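> Take a look at this one; I'll ask things after.
The values are calculated or read from the model by the stated rules, or taken from the named source; none is laboratory data. Since this is a predicted model, take the numbers as computed values, not measurements. All Cβ positions, glycine included, derive from the backbone under ideal geometry; neighbour counts span all protein chains shown.
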Amino acid sequence: MNATLPRDWSVLADRLAGWLPPEGPFAPAGAWKLTYERHALIPAPGGQPAGGPAGALTIEQAPEAGGPRVQVAEAVVSGATTVTTLADYRCAADPLLTPRRWDLDIRWESRMPLVPVAGLDQKRSGRVEGGELIFTAAKERRRPAPQRWTAAWLLFAVLPRLPFAAGTALAFDLFEEGELHKPDQQLAYAGEHSVELSGKKLALQVFEQSGRGVLPTRWWLDAQHRVVLAASERHAYLLGPRSKGATP
């Protein structure tokens with residue numbers, strides 16, 4: 001652990017060797033594709049950060065009439081098991097990119113023949129109808145829609161749209177994996193912080209997220225408003241070199 005780096009970066013230790021954020025233009029409201037390495041941050045017996053690579057996440061945005069389409073592919077690796085989720089969101093053109101319709105395809109794989117994953121695959125979908133959220137899996141389920149809400153993956157597209165200014169804040173409810181409700185979320189701008197990596201000093205902008213049912217998370221953005229790191233106490237998403245953005 002490098003004591004000269006902020007905690008979110010120092011816990012990644014040698015996993016940062018040679019890493020720098022991608023360069024080039026990025027239009028938060030335009031067409032772009034960001035690919036992240038997912039890292040587990042599991043404390044070692046002595047309390048020092050440990051863990052390792054634990055999957056990948058790709059977020060792709062396409063502008064459309066009425067609001068963007070955001071497609072997600074996340075693979076979460078835990079031991080010999082990999083859970084891959086493909087998600088497709090049609091969003092409103094509001095600050096939270098509130099989902100209007102969504103589809104999820106969840107697939108389980110195991111490299112261990114005795115690990116029972118057969119039958120765990122799922123397909124889920126949902127939509128907003130009037131003032132209700134309608135979730136469809138094995139059967140249809142309805143619940144009142146929160147006043148302000150979004151999906152957890154969509155924060156990677158919401159954050160780039162926010163100004164880097166004192167007082168910038170959002171209050172909302174969150175849904176993870178399409179339907180797990182996490183209410184009373186707060187997202188607030190926390191200022192600029194310098195990080196020195198691979199001999200280069202980076203000026204990054206930080207937002208902090210907290211709320212019921214989630215671990216506090218810090219979001220680090222570059223000058224072009226790309227999320228380059230999202231880190232909680234247990235896992236982190238680090239932007240990969242294949243990410244790209246396009247001006248409108």
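> Restricting attention to segment 137-170, which residues are of a type in the set (G, A, S) and touching a strand residue (DSSP E or B) at 6+ places or on another chain (Cβ under 6 Å)?
Passing the criteria: A137, A145, A151, A152, A157, A169.
> Out of segment 76-87, which residues are buried (at least 17 other Cβ atoms within 10 Å of the Cβ) and within 15 Å of the chain's Cα centre (by Cα)?
T84, T85, A87
> Considering only residues that are more than 14 Å from W219 (Cα to Cα) and part of a loop (DSSP other than H, G, I, E, B), which ones fall in segment 168-200?
E177, G178, E179, S198, G199, listed by residue number.
> Now for a separate question. With (1) in a loop (DSSP other than H, G, I, E, B); (2) within 13 Å of the chain's Cα centre (by Cα) as the list, and L229 as the residue in question, which single condition is left unmet?
With respect to (1) in a loop (DSSP other than H, G, I, E, B); (2) within 13 Å of the chain's Cα centre (by Cα), L229 is out only on (1).
> Being at pLDDT below 90, under 27 Å from T150 (Cβ atoms) and either surrounded by fewer than 15 Cβ atoms within 10 Å (Cβ to Cβ) or in contact with a Lys or Arg (Cβ under 8 Å, 6 or more places away or on another chain) (or both) is the filter here, so list the residues in segment 92-128 that pass it.
L120, D121
> A further question follows. If you check T136, T168, which single one turns out to be among the polar types (S, T, N, Q) and under 24 Å from W32 (Cβ atoms)?
Answer to the check: T168.
> Condition check: touching a residue at least 24 places away in the same chain (Cβ under 8 Å), more than 18 Å from R226 (Cβ to Cβ) and not small (G, A, S). Does L174 satisfy that?
Yes, satisfied.
> Any idea which of S194, S210 is surrounded by fewer than 17 Cβ atoms within 10 Å (Cβ to Cβ), among the hydroxyl-bearing types (S, T, Y) and without any contact (Cβ under 8 Å) to a residue 24 or more places away in the chain?
S194
Residues are listed down the side, and each one gets a yes or a no for (1) aromatic (F, W, Y); (2) at pLDDT 95 or above:
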position	(1), (2)
E132	no, yes
A137	no, no
W149	yes, yes
A152	no, yes
A157	no, yes
K200	no, no
V206	no, yes
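> List the number of the failed condition for L174; all other conditions in (1) buried (at least 16 other Cβ atoms within 10 Å of the Cβ); (2) out of contact with any Lys or Arg (no Cβ under 7 Å at 6 or more places or on another chain); (3) not charged (D, E, K, R) hold.
Of (1) buried (at least 16 other Cβ atoms within 10 Å of the Cβ); (2) out of contact with any Lys or Arg (no Cβ under 7 Å at 6 or more places or on another chain); (3) not charged (D, E, K, R), only one is false for L174: (2).
> Give just the number: which of (1) polar (S, T, N, Q); (2) touching a residue at least 24 places away in the same chain (Cβ under 8 Å); (3) out of contact with any helix residue (DSSP H, G or I) (no Cβ under 7 Å at 6 or more places or on another chain) does Q61 not satisfy?
(3)
> Residues in segment 213-234 that are touching an Asp or Glu at 6+ places or on another chain (Cβ under 6 Å) and surrounded by fewer than 17 Cβ atoms within 10 Å (Cβ to Cβ): how many?
Counting residues in segment 213-234 that are touching an Asp or Glu at 6+ places or on another chain (Cβ under 6 Å) and surrounded by fewer than 17 Cβ atoms within 10 Å (Cβ to Cβ) gives 1.
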